[in-house]
């Protein structure tokens, strides 16, 4: 499961992700990301990944799209999909 929150001020757009960035949850986040990016003027974007526990191929592709769009990713604590914290 993935939970995410979104905060926007005049010059900052912040996404905070918690849980597994995988499969249908990555697809849902991609949908929300694209919808907001179409309707909101561009601001400095930060994606907080500190509480993401795992990422599969779909999640990795989404993160690559976010980075290509100019988002700054804060990636502490991520484990490969299927792996556990050690």
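Which residues, counting only those in the range 8-32, are surrounded by fewer than 19 Cβ atoms within 10 Å (Cβ to Cβ) and over 20 Å from residue 57 (Cα atoms)?
Once the filter is applied, which keeps residues that are surrounded by fewer than 19 Cβ atoms within 10 Å (Cβ to Cβ) and over 20 Å from residue 57 (Cα atoms), the range 8-32 yields 8, 9, 10, 11, 12, 14.
Can you run down the residue pairs with Cβ atoms below 8 Å, 6 or more apart or on separate chains, where the first is in the range 20-34 and part of a helix (DSSP H, G or I) and the partner is surrounded by fewer than 16 Cβ atoms within 10 Å (Cβ to Cβ)?
Within 8 Å, the pairs are 25/1; 25/19; 26/61; 30/65; 32/6; 33/65.
Considering only the range 1-36, state which residues are within 12 Å of residue 66 (Cβ to Cβ) and out of contact with any strand residue (DSSP E or B) (no Cβ under 9 Å at 6 or more places or on another chain).
Residues satisfying the conditions are 30, 34.
So, of the residues in the range 35-55 that are assigned to a strand (DSSP E or B) and loosely packed, with under 13 Cβ neighbours inside 10 Å, which turns out to be modelled with the lowest pLDDT?
Ranking the candidates gives 44 first.
The values are calculated or read from the model by the stated rules, or taken from the named source; none is laboratory data. Given the structure is predicted, the values throughout are model-derived calculations rather than measurements. Methodologically, a virtual Cβ is constructed for each residue, glycine included, from the backbone with ideal geometry; neighbour enumeration extends over all protein chains shown.
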